[in-house]
Amino acid sequence: MGIFDFLSQRNKNTASTARDRLRILIQQERSMRGAPDYLPMLQRELLEVIRKYVNVDVEAVKVDLIKDGDNEVLDISVALPEKAAASG
Amino acid sequence: MEKSLAEIIVVTSGKGGVGKTTTSASIACGLAKAGKKTAVIDFDVGLRNLDLIMGCERRVVYDFVNVVLGEANIKQALIKDKRFENLFVLAASQTRDKDALTKEGVEKVLKDIADEGFDYIVCDSPAGIEKGAFLAMYFADRAVVVVNPEVSSVRDSDRILGLLASKTRKAENGERVQENLLLTRYSPERVEKGDMLSIADVEDILGLKVIGVIPESPEVLQSSNAGVPVILDDVSHAGQAYTDAVGRILGQDIPLRYTTVERKGFFSKLFGG
């Protein structure tokens, strides 16, 4: 790397941004692989219901299908905001 | 069922425009050059292009669908390459509907080819994850997943890897298709600058080692212009990298080439030239 390279460092390392975005996305997509088609719909509707009572973020509701031996467990987690500001 | 001896290799990617047909043509030529009797099949019904890249577009008489429908036999439909006497091309149909291909039809054609004593059958998959792509991969023993160091291509490759592990005959029989990653359009300079994913990044994200890295190079376009697969240009870096990749498919241990920046002198380093 040259000593004057700092002059051209505007777009520094978009590759690492790409890598980080892909890691998260692909991990998420792999976890959904083979899962029933209704999961995204279920996630959306749960979010709508929860939002009637609590002002949560779009990403607050996670629905995952977890394999536990021969059983499949539907794992639903809802992250509430720090100050649980009830809107109702 | 009798097991055919021909190894079936699907060249696939999900995303279009990443170099599937270029790769299919070069791998097929490379295998033939190594003495293997090889057929390469275009699965892109309606968007035939392999014939053009192979340089045999004016010699297509019968195509894949003709054989499936029994309108021609496999010997009539296989186009003999003019450079290698052990290399044959089966063109896709340009006029038919995509639904002309069925699982049974494809199985029959692959069996007919295997019965002719072929060592390798290379299946050039269409883009996407629909019927044509599914049929191209279904009977595969090995998959060469072509990926560019670019976000959408990497994501689509992961999707294809998922399908290879679930929607293939091998997967249905509790076996695995042998998965190989082929990184194309790679630019070591851009990787060093930090604006392109590196080999290690792609391997790490997809959890799979590369079987070859093809550098971005002007000869790829020149080769398709001429209808001569780039692997036959043994001066070009891309051609040499394809030759190495074919060697690895054949089980040879060959180190990667052209994957790092060629070092410059002191002054150009100092001034970042």
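The numbers here are math on the coordinates, done by the rules we state, and not lab data. None of these values were measured; they are calculated from a predicted model. As a convention, Cβ positions derive from the backbone with ideal geometry for all residues, glycine included, and neighbour counts pool all protein chains shown.
Do the alpha carbons of any pairs in A:Lys67/B:Lys103; B:Lys80/B:Lys103; B:Lys82/B:Lys103; A:Lys62/B:Lys131 sit beyond 29 Å of each other, and which pairs?
Details: A:Lys67/B:Lys103 32 Å; B:Lys80/B:Lys103 25 Å; B:Lys82/B:Lys103 31 Å; A:Lys62/B:Lys131 32 Å.
Listed pairs above 29 Å: A:Lys67/B:Lys103; B:Lys82/B:Lys103; A:Lys62/B:Lys131.
Sort A:Ile50, A:Ile26, B:Ile113, A:Ile66 by Cβ crowding within 10 Å, fewest neighbours at the top. Please report the intermediate quantities before stating the final value.
On the way: A:Ile50 15, A:Ile26 20, B:Ile113 25, A:Ile66 11.
Fewest to most other Cβ atoms nearby, the residues stand as A:Ile66, A:Ile50, A:Ile26, B:Ile113.
Going by a ≥ b ≥ c, the root eigenvalues of the Cα gyration tensor, does the stretch B:177-264 fall in the rounded group (a/c under 1.5), the prolate group (a/b larger than b/c) or the oblate group? Provide the component values of the computation, followed by the final result.
On the way: a/c = 1.73, a/b = 1.12, b/c = 1.55.
Oblate, because a/c is 1.5 or more while a/b does not exceed b/c.
Of B:Val228, B:Gly212, B:Val202, which is farthest along the charge dipole of the stretch B:163-272 in the positive direction, counting Lys and Arg as +1 and Asp and Glu as -1 at C-beta?
Sorting the options by dipole projection puts first B:Val202.
Would you calculate the convex hull of the Cα atoms in chain B and tell me its volume per residue in Å³?
Values: hull volume 35.0 nm³, N = 273.
That works out to 128 Å³ per residue.
Please compute the Kirkwood hydrodynamic radius of the stretch B:83-150 from all pairs of different C-alpha atoms, in Å with one decimal.
13.7
Averaged over A:28-39, how many beta carbons belonging to a partner chain fall within 10 Å of each residue's beta carbon? Working shown, then result.
Numbers: counts 0, 4, 5, 0, 1, 7, 3, 0, 0, 0, 0, 0.
The mean count of partner-chain Cβ atoms within 10 Å per residue comes to 2.
Whole-Hz Karplus ³J(HN,Hα) for the stretch A:34-48, in order, using 6.51 cos²θ - 1.76 cosθ + 1.60 and θ = phi - 60°, x for Gly and Pro?
With the stated coefficients, the stretch A:34-48 comes to x, 6, x, 5, 6, 4, x, 5, 4, 4, 4, 5, 4, 4, 4 Hz.
Arrange A:Thr17, B:Thr95, B:Thr22 by Cβ neighbour counts within 10 Å, fewest through most, would you?
Values: A:Thr17 13, B:Thr95 10, B:Thr22 26.
Ascending Cβ contact count within 10 Å gives the list B:Thr95, A:Thr17, B:Thr22.
Would you mind pulling out the separation of the Cα centroids of the stretch B:63-87 and the stretch B:118-188, in Å?
24
Placing +1 on the Cβ of each Lys and Arg and -1 on the Cβ of each Asp and Glu in the protein assembly as shown, which of B:Phe134, B:Leu110, B:Gly247 has its Cα farthest towards the positive end of the resulting dipole?
B:Gly247
I'd like the GluC sites (Glu not before Pro) in the stretch B:152-195 restricted to DSSP loop residues with at most 12 other Cβ atoms within 10 Å, sorted by number.
Working: sites: B:Glu172, B:Glu175, B:Glu179, B:Glu189, B:Glu192; in loops: B:Glu175.
Answer by residue number: B:Glu175.
Give the average, rounded to an integer, of partner chain Cβ atoms located within 10 angstrom of each Cβ in A:18-27. Walk me through the intermediate numbers first.
Values: counts 9, 9, 1, 2, 11, 3, 0, 5, 10, 2.
What the average comes to for A:18-27 is 5.
When each pair of different Cα atoms in the stretch B:49-164 is counted once in the 1/r mean, what is the Kirkwood radius in angstroms, to one decimal? Each step should come with its number before you reach the end.
Details: mean 1/r = 0.0652 Å⁻¹.
By the Kirkwood definition, the hydrodynamic radius is 15.3 Å.
Let a ≥ b ≥ c be the square roots of the eigenvalues of the Cα gyration tensor of the stretch B:31-101; is it rounded (a/c under 1.5), or, if not, prolate (a/b larger than b/c) or oblate?
Values: a/c = 2.09, a/b = 1.67, b/c = 1.25.
Since a/c reaches 1.5 and a/b is larger than b/c, the shape of the stretch B:31-101 is classed as prolate.
Quick one: net charge of A:Leu47's neighbours, Cβ under 15 Å, K/R +1, D/E -1? Present the calculation step by step, with values, prior to reporting the outcome.
Working: positive: A:Arg44, A:Arg51, A:Lys52, A:Lys62; negative: A:Glu45, A:Glu48, A:Asp57, A:Glu59, A:Asp64.
Taking every Cβ under 15 Å from that of A:Leu47, the sum is -1.
By its C-alpha gyration tensor, with a ≥ b ≥ c as the square roots of the eigenvalues, how is the protein assembly as shown shaped: rounded for a/c under 1.5, else prolate for a/b larger than b/c, else oblate? Mind showing how you got there, number by number?
Values: a/c = 2.41, a/b = 1.27, b/c = 1.91.
Taking the square roots of the gyration eigenvalues as a ≥ b ≥ c, the protein assembly as shown is oblate.
Let me know the mean shielding of B:185-195 by other chains, meaning the per-residue number of their Cβ atoms within 10 Å of its Cβ. Mind dumping the intermediate values first?
On the way: counts 0, 0, 0, 0, 0, 1, 1, 2, 9, 8, 8.
Taking all residues of B:185-195 together, the mean is 3.
So how do B:Cys56, B:Cys123 line up by other beta-carbon neighbours within 10 Å, fewest first?
Numbers: B:Cys56 18, B:Cys123 26.
Least crowded to most crowded, the residues run B:Cys56, B:Cys123.
Taking 1 over the mean of 1/r across every pair of different Cα atoms in the stretch B:127-273, what Kirkwood radius in Å do you get?
Details: mean 1/r = 0.0594 Å⁻¹.
Every distinct Cα pair counted, the radius reaches 16.8 Å.
With helices defined as uninterrupted DSSP H runs, which ones in chain B have an alpha carbon span along their own long axis of at least 15 Å and mean Kyte-Doolittle hydropathy of at least 0.0? Display every interim value, and only then the final one.
On the way: long enough: B:20-33 (19 Å, 0.31); B:103-115 (18 Å, -0.58); B:151-164 (20 Å, 0.39); B:237-249 (18 Å, -0.26).
Passing helices, by number: B:20-33, B:151-164.
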